[in-house]
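Colleague: Can you keep this structure in mind? I'll have questions shortly.
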Amino acid sequence: MTHGLISDELIAERNARARAALDEDYAALGKQLDRADIAIDSITQSISSFSVAVPTWGAGRGGTRFAKFPIPGEPTTIHEKLEDCGVINQLCRMTPRVSPHFPWDKVADYQALREEAAAVGLGFDAINSNTFQDQPGQSQSYASGSLSSTSDAVRQQAVEHNIECIDIGRQLGASDLTVWVGDGSNFPGQQDLTRSFDRYLEAVGLIYAALPGDWRLLIEHKMFEPAFYSSVISDWGSSILAAQELGPKAQCLVDLGHHAPNVNIEQIVARLNRFGKLGGFHFNDSKYGDDDLDSGSINPHQLFLIFNELVEAERNSGSSFRPSYMIDQSHNVTDPIESMMMSADCIAASYAKALLVDRAALHDAQERNDAMAAFQALRRAYNIDVTPIVAKARAEAGGAIDMIATYRDSGWRQRKAQERQRVGLGAGIV
Ligand SMILES: [Mn+2]
C-alpha cells in the first residue's frame with residue numbers, strides 16, 4: 001500500500017520501544033473513564049474512524065507576502081506532494097485523502113494521478129478552484145474580481161474554470177467543489193455592495209447547475225484579504241444566504257481563520273447545522289487576523305468547543321451529517337509533514353474530548369439553567385488528557401506512536417533533499 005515511503009519496519013521498531021508506556025497510560029485512562037461509565041475502547045473506535053483531509057499546497061513550505069523560506073527536499077510537483085501526504089498518513093493514519101487545487105495541480109492524465117495517489121494510500125477530497133490569481137495564457141484577468149466581476153467575459157472564464165474543476169474531480173473520485181473567491185474592494189464606494197453579490201450569485205448559480213447529482217458546492221467565506229475594505233463573501237451570513245439561494249447541494253465551509261477576532265465560531269457551527277448548511281471545515285489557528293497557524297496551537301479550547309458542537313450536530317443529524325474536514329494552514333517555520341501530523345493529532349484529540357462530554361449532564365444543567373454545572377460538564381472533558389486514545393488508534397492502524405521521532409529517524413527529508421530539485425527563492429503567498 002505504501003511502497004516507497006517510510007519503512008514499516010522502522011515504524012514497528014520505534015513503536016516497540018514506546019508500546020509499554022502507551023499501554024500503561026491507556027490502561028490508567030481506561031480506569032479513569034470507567035469511573036464515569038465511559039468505555040475507553042468505544043472512544044478509540046470513534047477516533048479510528050475519524051479522518052481529516054490535507055491540502056496538496058500545505059505539503060510545501062508556505063510563505064508570507066514578504067518572503068518564503070524553502071527547506072531542502074520540500075516537494076514542488078503534485079507527484080512529490082502526494083508522496084509527502086502519503087508519509088503524513090502513513091505515520092498518523094488519519095489523513096487518507098488529499099484536497100487538490102487547480103490549476104496548481106494540473107496534470108495530463110487524471111486517471112494516472114488517481115492511481116499514483118492510491119499507491120501511497122491516498123484518495124482525493126474536495127477540489128479547490130482558483131480564480132484569485134491570473135494564470136499564464138489566460139485571456140481575462142481577475143484583477144477586478146472573478147465570479148462577481150463587472151465583466152461578463154471574466155465571470156464566464158471563472159465559471160468555466162470551476163466547471164473544469166468539477167470534471168477533473170469526477171476523474172479523481174471527488175464529490176465536493178470548494179469555491180473561495182478573493183473578490184472584494186479596497187475603497188469605500190469602489191464596488192456596489194449589492195450588485196457585486198448579485199453578480200456572484202448569478203455566476204455561482206451556473207457552477208451549481210453543472211454539479212453532478214451527488215456533488216456538493218462548498219462556499220468558503222473570508223472576512224478580508226486580499227481585499228481589505230470589503231469581501232463579496234465576507235462572513236457566514238453572506239455564505240448561508242448564497243447557499244440557501246442556490247439549493248440543497250450548496251453548503252457553507254467554515255475556515256477557522258476567516259472570521260473577525262474573537263467571533264464565537266462554535267455558535268456559527270450550531271447555526272449552520274440547524275439549517276442543514278454546515279458543509280465543511282478548514283482547520284487552522286490564528287492569533288491576530290491570519291489563517292495560517294497550526295490547528296490548536298493558539299487556542300485549543302476553541303477547537304474543543306467547536307468539536308463539542310460538531311458532536312451535538314452528529315447526534316442530532318444522523319447520517320445526513322457529513323462535513324468535509326481539511327487542514328488549511330501555512331507552514332512557514334516548520335517541516336510541513338511534522339506540522340500536519342501534529343495538527344491531525346490535535347484535531348482528533350479535540351474530537352475525543354468532545355466525545356467524553358457527559359451530554360445528559362450537560363443538557364440537564366442547561367434545562368435547569370445551572371450555568372456552573374453546564375460549564376463543568378464541558379470542563380471535566382476538556383481537562384482529560386486523551387493523548388493515549390489518539391496514539392492507540394494510530395498505532396492499531398499501523399501508524400507511529402511517536403510520530404515526530406519516527407519521522408526524524410527515517411531521514412525522509414534529508415533523502416528527498418538529495419533527490420528533489422531545490423526550490424528557488426521567490427515571492428511568498430499561501
Ligand atoms: Mn481555507
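Colleague: Of all residues in segment 227-267, count the ones that are among the β-branched types (Val, Ile, Thr) and more than 15 Å from the ligand (Cβ to nearest atom). Explain how you work it out, then say what you get.
Modeller: The initial filter retains those residues of segment 227-267 that are among the β-branched types (Val, Ile, Thr), namely 232-233, 240, 254, 263, 265.
Checking which are more than 15 Å from the ligand (Cβ to nearest atom) leaves us with 232, 240, 263.
Residues meeting the conditions: 3.
Colleague: Taking segment 288-336 as the search range and keeping residues that are acidic (Asp, Glu) and under 19 Å from ALA126 (Cβ atoms), which one is nearest to the ligand (Cβ to nearest atom)? Let's see the steps before the verdict.
Modeller: So in segment 288-336, the residues acidic (Asp, Glu) come out as 290-292, 294, 309, 312, 314, 328, 335.
Keeping just the survivors that are under 19 Å from ALA126 (Cβ atoms) gives 291, 328.
On the way: ASP291: 6, ASP328: 4 Å.
Among residues in segment 288-336 that are acidic (Asp, Glu) and under 19 Å from ALA126 (Cβ atoms), the one nearest to the ligand (Cβ to nearest atom) is ASP328.
Colleague: Cβ contacts < 6 Å: first residue under 15 Å from SER339 (Cα atoms), restricted to segment 286-298; second residue part of a loop (DSSP other than H, G, I, E, B) and more than 12 Å from the ligand (Cβ to nearest atom), any location; separation 6+ or different chain. Result?
Modeller: Final answer for the pair search is ILE298/LYS287.
Colleague: Determine which single condition PHE321 fails, assuming it passes every other condition in (1) touching a helix residue (DSSP H, G or I) at 6+ places or on another chain (Cβ under 7 Å); (2) at pLDDT 95 or above.
Modeller: Failed condition: (2).
Colleague: Right, something else. Here is a list: ASP214, ASP285. Which entry is surrounded by fewer than 23 Cβ atoms within 10 Å (Cβ to Cβ), of a type outside the set (Ser, Thr, Tyr) and within 15 Å of the ligand (Cβ to nearest atom)? Let's see the steps before the verdict.
Modeller: Details: ASP214 fails: within 15 Å of the ligand (Cβ to nearest atom).
Step by step, each of ASP214, ASP285 is checked, and only ASP285 is surrounded by fewer than 23 Cβ atoms within 10 Å (Cβ to Cβ), of a type outside the set (Ser, Thr, Tyr) and within 15 Å of the ligand (Cβ to nearest atom).
Colleague: Within the bounds of segment 376-399, is there any residue that is over 20 Å from ASP8 (Cβ atoms), in a loop (DSSP other than H, G, I, E, B) and under 23 Å from the mean Cα position of the chain (by Cα)? If you could, list the steps in order and put the result at the bottom.
Modeller: Keep residues of segment 376-399 that are over 20 Å from ASP8 (Cβ atoms), which gives 376-390.
Pick out the ones that are also in a loop (DSSP other than H, G, I, E, B) and you get 383-386.
Right, trim to under 23 Å from the mean Cα position of the chain (by Cα) and you get 386.
Scanning segment 376-399, I find at least one residue that is over 20 Å from ASP8 (Cβ atoms), in a loop (DSSP other than H, G, I, E, B) and under 23 Å from the mean Cα position of the chain (by Cα), so the answer is yes.
Colleague: Something else now. Sort through ALA361, ALA377, ALA391 and tell me the only one that's closer than 30 Å to GLU74 by Cα and of a type in the set (A, V, I, L, M). Show your work before the answer.
Modeller: Values: ALA361 fails: closer than 30 Å to GLU74 by Cα; ALA377 fails: closer than 30 Å to GLU74 by Cα.
Of ALA361, ALA377, ALA391, the one residue that is closer than 30 Å to GLU74 by Cα and of a type in the set (A, V, I, L, M) is ALA391.
Colleague: Going by what's in this entry, would ILE347 be described as on the phi < 0 side of the Ramachandran plot, in contact with a strand residue (DSSP E or B) (Cβ under 8 Å, 6 or more places away or on another chain) and crowded, with 20+ Cβ neighbours inside 10 Å?
Modeller: Numbers: on the phi < 0 side of the Ramachandran plot: yes; in contact with a strand residue (DSSP E or B) (Cβ under 8 Å, 6 or more places away or on another chain): yes; crowded, with 20+ Cβ neighbours inside 10 Å: yes.
In short, yes.
Colleague: So, one more: Conditions first: (1) under 15 Å from TYR142 (Cβ atoms); (2) surrounded by 18 or more Cβ atoms within 10 Å (Cβ to Cβ); (3) of a type outside the set (Asp, Glu). PRO226 passes all but one, so which condition is the exception?
Modeller: Of everything listed in (1) under 15 Å from TYR142 (Cβ atoms); (2) surrounded by 18 or more Cβ atoms within 10 Å (Cβ to Cβ); (3) of a type outside the set (Asp, Glu), PRO226 misses just condition (2).
Colleague: Does segment 133-163 hold any residues that are within 23 Å of LEU211 (Cα to Cα), outside any helix (DSSP H, G or I) and out of contact with any strand residue (DSSP E or B) (no Cβ under 9 Å at 6 or more places or on another chain), and which are they?
Modeller: SER146, SER149
Colleague: Further, regarding this structure: Hey, GLN191 hits all of (1) over 30 Å from LEU113 (Cα atoms); (2) surrounded by fewer than 19 Cβ atoms within 10 Å (Cβ to Cβ); (3) in contact (Cβ under 8 Å) with a residue 24 or more places away in the chain but one; which does it fall short on?
Modeller: (2)
Colleague: In addition: Where the second residue is in a helix (DSSP H, G or I) and within 16 Å of the ligand (Cβ to nearest atom) and the first is over 20 Å from MET342 (Cβ atoms) and lies in segment 305-328, which pairs have Cβ atoms under 6 Å and are six or more apart or on separate chains?
Modeller: Short answer, once both residue conditions are applied: GLU309/VAL269.
Colleague: Do you know which residues across segment 102-116 are assigned to a helix (DSSP H, G or I) and over 18 Å from GLY60 (Cβ atoms)?
Modeller: Step one: of segment 102-116, the residues assigned to a helix (DSSP H, G or I) are 110-116.
Listed by number, the residues that qualify are TYR110, GLN111, ALA112, ARG114, GLU115.
Colleague: Related question: Go through segment 229-269 and give me each residue that's crowded, with 17+ Cβ neighbours inside 10 Å, hydrophobic (A, V, I, L, M, F, W, C) and within 21 Å of the chain's Cα centre (by Cα).
Modeller: ILE233, TRP236, ILE240, ALA243, ALA250, CYS252, LEU253, VAL254, LEU256, ILE265, ILE268, VAL269
Colleague: Filtering segment 156-194 down to residues that are away from the ligand (no atom under 16 Å from the Cβ) and of a type in the set (D, E, K, R), which residue is farthest from PRO96 (Cα to Cα)?
Modeller: Within segment 156-194, the match that is farthest from PRO96 (Cα to Cα) is ASP192.
The values are calculated or read from the model by the stated rules, or taken from the named source; none is laboratory data. Bear in mind the structure is a predicted one, so any value in this text is a computation, not a measurement. Don't worry about glycine lacking a Cβ; one is built from the backbone with ideal geometry, like all the others, and counts go over all protein chains shown.
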